[in-house]
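Participant: I have a structure here, written as structure tokens, and I will follow up with some questions on it.
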Amino acid sequence: MTNVKQAWEMCCPKCGEDVSIDVSAQVWVRLTPEGTDRDEPTDTSEEWDNNSPCKCAACGHVGTVGDFATDT
């Protein structure tokens with residue numbers, strides 16, 4: 001079984017956790033009277049890069065995706 005560190009080569013630089021990483025990604029959403037729907041747009045891609053904000057939900061460390069990159 002592959003973990004996040006192996007699949008994405010990322011982990012928290014502070015606590016080492018790799019299953020609690022949140023990345024701020026740009027996504028398209030469909031506006032609806034009830035709010036937004038992420039599954040309805042014709043383009044459902046997600047965009048993020050090394051400069052995207054990133055945080056560890058386990059310890060609260062905040063940085064960029066590049067900060068969370070491992071050397072493995």
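Participant: Test each condition in (1) small (G, A, S); (2) without any contact (Cβ under 8 Å) to a residue 12 or more places away in the chain; (3) at negative phi for S20 and report the one that comes out false.
Facilitator: If we test S20 against (1) small (G, A, S); (2) without any contact (Cβ under 8 Å) to a residue 12 or more places away in the chain; (3) at negative phi, just (2) comes out false.
Participant: Quickly run through segment 16-45 and pick out the residues that are surrounded by 11 or more Cβ atoms within 10 Å (Cβ to Cβ), more than 16 Å from N3 (Cα to Cα) and touching a strand residue (DSSP E or B) at 6+ places or on another chain (Cβ under 8 Å).
Facilitator: Correct list: V23, S24, A25, V27, V29, R30, T36, D37, R38, E40, P41, T44.
Participant: Please specify each residue of segment 17-29 satisfying the condition of being part of a loop (DSSP other than H, G, I, E, B) and either among the hydrophobic types (A, V, I, L, M, F, W, C) or out of contact with any Cys (no Cβ under 9 Å at 6 or more places or on another chain) (or both).
Facilitator: V19, A25, W28, V29
Quick grid of which residues meet (1) out of contact with any Gly (no Cβ under 6 Å at 6 or more places or on another chain); (2) within 22 Å of M10 (Cβ to Cβ); (3) part of a loop (DSSP other than H, G, I, E, B); (4) touching a residue at least 40 places away in the same chain (Cβ under 8 Å):
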| position | (1), (2), (3), (4) |
| --- | --- |
| L31 | yes, no, no, no |
| D39 | yes, no, yes, no |
| N50 | no, yes, yes, no |
| G60 | yes, yes, yes, no |
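Each reported figure results from applying straightforward, stated rules to the coordinates on display, with no laboratory input. Predicted, not measured: the structure shown is a model, and the values here were computed from it. Please note: Cβ atoms are built from the backbone with ideal geometry, for glycine as well, and neighbour counts cover all protein chains shown.
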